[in-house]
Each structure stands twice: as C-alpha cells, then as structure tokens.
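First up is the structure itself, then whatever we jot down about it.
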Amino acid sequence: MSGIFDLSGRVAVITGGNGGIGLGIAQALNAAGCNVSIWGRNAEKNANAAASMAAGPGKVATEFCDVSDPGSVKTAMKATLEKFGRVDGCFANAGIGGGGRRAFIDRTEEEWRRMFATNLDGVFHVFQVAARHMTERSEAGDRFGRLVATSSLASLFGTARNEHYAGTKAALNALCRALAVELARHGVTANAILPGWIKSDMTAGIMANDKFVANVMPRIPARRFGEPSDFGGIAVYLMSKASSYHTADCFVIDGGYTAF
Ligand SMILES: NC(=O)c1ccc[n+]([C@@H]2O[C@H](COP(=O)([O-])OP(=O)(O)OC[C@H]3O[C@@H](n4cnc5c(N)ncnc54)[C@H](O)[C@@H]3O)[C@@H](O)[C@H]2O)c1
Ligand SMILES: O=C(O)[C@H](O)[C@@H](O)[C@H](O)[C@H](O)CO
C-alpha cells in the first residue's frame, strides 16, 4: 500500500484495544499496515484480539496494562518499545461507563474517584509516556506523533445522573486541545473522538432495554447503533500523514444524533 493513508512501519498503542471501539480501531489500523500494541488487563481478551489480526499485514503485540496505575503504564511502554522500537500513535481509549446511574446528591466519593482514576488519570498516564517518547524522537529529528483520546457525547450534553463520567470526558476534550498547542512544534497532533451510541460491552445492558431503544433510536438519523468498525476510518486518518495539519479537534461519530 502506498499514499497518504499508508501506515506500514508505523506503531500504534491502543488502550482497551482488546474489545469494543478499541478493537475496531486496532483492526482498521492493522489492515492499513500499522503495527499495533494492545494494552489491556484481560489476558484472554488480549489473546483473542491478537488472533483476530494474526494474518496482518501489520504486526500485533499485547501488553498487560491497568491505565489507572502509572507503574503498569510505564512497564507496558517499555515492553512496547523493546518489541517495536518506536511508538508513533497513542489511542487512549480505555474507559469505564457510569454503570447504575444515581442522583448527584447520592454520588459516593469512591465512585467519583474510581471514574476519574480510570477515565482521566489513565489518559494522563498513557499520554505522558507517549508524549515523552515522541518529544525525544522529535528532538532527534523525527517529528511525528499522534495522541487520540476516546471522549464521548457526554462531554457536550447534560447527561443527568452520570455527571462523573461526563466530567472526565469533557476534561479529555480540554486536555487534547492543550496538548495540541503544546506539542505541535514536535509534529504531534492531539484530537478527541466523541462516539455516539455504539454497541459494546459497555452499552450491552442499556441496549437490551426496550424502553431505551424506543426512546433513542428515532433520534439517530442513521437509524442504527454504531459498531466498533465505524471507528476504523477516523483512526486510519488520524494515524496517517493525511491528518498532519488537523489537530485540537473533537470528532463526533454518532450517525447524526447530535445534529438532529
Ligand atoms: N459504547 C459507547 O456507546 C460509547 C460512547 C461514548 C464513548 N465511549 C467510550 O469508548 C471507550 C471504549 O468503550 P467501549 O464502548 O468500547 O466499551 P468496552 O467496555 O468494550 O471497552 C472499554 C475497555 O477499556 C478497558 N478498561 C477499563 N478500565 C481499564 C483500566 N483501568 N486499564 C486498562 N483497560 C481498562 C475495559 O476492560 C475495556 O476493554 C470508552 O472510553 C468509553 O467511555 C463509548
Ligand atoms: O455515551 C457514552 O459515553 C456511554 O455510552 C455512556 O453513556 C455509558 O453507556 C454510561 O455511562 C452507562 O451508564
């Protein structure tokens, strides 16, 4: 493959890339020739994800990683650099949902801390190790890097009884904009992807609820829930040279939901 979307020789890390949206991203990158390193906590899901890409054309590696633990993130980065020698792109996609929603006045300290530890601190940890590496490479003359966070429409809408989740995702949009400005001189772009309603483990429960489907589906102009594979195009674009001048953006991928 050649041209502006050619990813051969590139290396991308995808956190939470062993299922759902992260796996959709990893598979599309891999099919475009990119080597992918999946960072996840579940060994069986890691192995299944790697098997799904065994035929290439890109290479695949998996690392154990709990993004909320900075030590675990550093270990995963070290292992990735040992295997591939470089990291060109970092998709900080791992996250947890709000689970059983509850009124703000009943929100517990533990729920609040856990949400921020994963969805926001986790991105801080992985973006920092990636940005340090990309900055070092830039100073050595190789100016290229991609930071991509999986945010949410919850960062834009008022999502009642899910304010802790919404808070982490709004913070990711701001984090990406700030990093876009700070790291542009190193050839590093930073962008957020804001998925609408996408089929995954996170949403399996709510999408099995007929009342929810009857309420939401008529508000999705595409008349379907999104699939993880719907994130392949944006991932390849963001990872490629084609997006070199496209930074600090929030990409809404929602079948038209926000426009309706
Ligand atoms: N599905 C949707 O409708 C939707 C909508 C908007 C945003 N999102 C976001 O998309 C991202 C991916 O979610 P998904 O829908 O694919 O669900 P998912 O549950 O399939 O994927 C989330 C992944 O993150 C992993 N993860 C959670 N905590 C982790 C940790 N501490 N360390 C490492 N990995 C961890 C999970 O194990 C899982 O593999 C999340 O950030 C989510 O908030 C999803
Ligand atoms: O739109 C999103 O970002 C996600 O789908 C969330 O809304 C979760 O599903 C929710 O946190 C579960 O309670």
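The values are calculated or read from the model by the stated rules, or taken from the named source; none is laboratory data. The shown structure was predicted, so the numbers you read here are calculated from the model rather than taken from an experiment. Glycine gets a Cβ as well: all are built from the backbone with ideal geometry, and neighbour counts include every protein chain shown. Ligands, DNA and RNA are excluded from the accessible area calculation, which covers all protein heavy atoms including side chains. Shrake-Rupley method; radii C 1.70, N 1.55, O 1.52, S 1.80 Å.
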Original post:
Considering only protein heavy atoms and a 1.4 Å probe, what is the carbon-and-sulfur percentage of the accessible area of region 82-139?
Top reply: 51 percent
**OP:** Determine the dipole magnitude for the chain: charges of +1 sit on the beta-carbon of Lys and Arg, -1 on that of Asp and Glu, nothing else is charged, the reference point is the Cα centre, and the result goes in debye to the nearest 20.
**Re:** 240 debye
Original post:
How much length, in nm to one decimal, is gained on full extension between residue 42 and residue 178, taken as 0.36 nm per residue of separation minus their Cα-Cα distance?
Top reply: 45.8 nm
**OP:** State, to one decimal in nm, how far the label point of residue 114 lies from the label point of residue 227, with both points 7 Å from Cα in the Cβ direction.
**Re:** 3.3 nm
Original post:
Given region 28-154 reduced to its alpha-carbon atoms as identical point scatterers, what log10 I(q)/I(0) does the Debye formula return at q = 0.12, 0.20, 0.21 Å⁻¹?
Top reply: -0.52, -1.21, -1.30
Original post:
Within the chain, which DSSP H helices have Cα atoms that stretch 24 Å or more along the helix axis and a mean Kyte-Doolittle hydropathy of at least 0.0?
Top reply: 163-183
**OP:** Can you check what the Kirkwood hydrodynamic radius comes to for the chain, Cα pairs only, in Å to one decimal?
**Re:** 18.5 Å
Original post:
In nanometres, what is the gap between the two model label sites at residue 217 and residue 258, each 7 Å from Cα along Cα-to-Cβ?
Top reply: 2.5 nm
**OP:** Leaving ligands, DNA and RNA out of it, report the carbon-plus-sulfur percent of the accessible area of region 142-203 at a 1.4 Å probe.
**Re:** 57 percent
**OP:** Kindly report the accessible area of region 11-259 per residue (heavy atoms of protein chains, probe 1.4 Å, no ligands, DNA or RNA), in Å².
**Re:** 45 Å²
Original post:
Can you give the extra length, in nm with one decimal, that the chain gains between residue 128 and residue 204 once fully stretched, where that is 0.36 nm per residue apart less the Cα-Cα distance?
Top reply: 24.2 nm
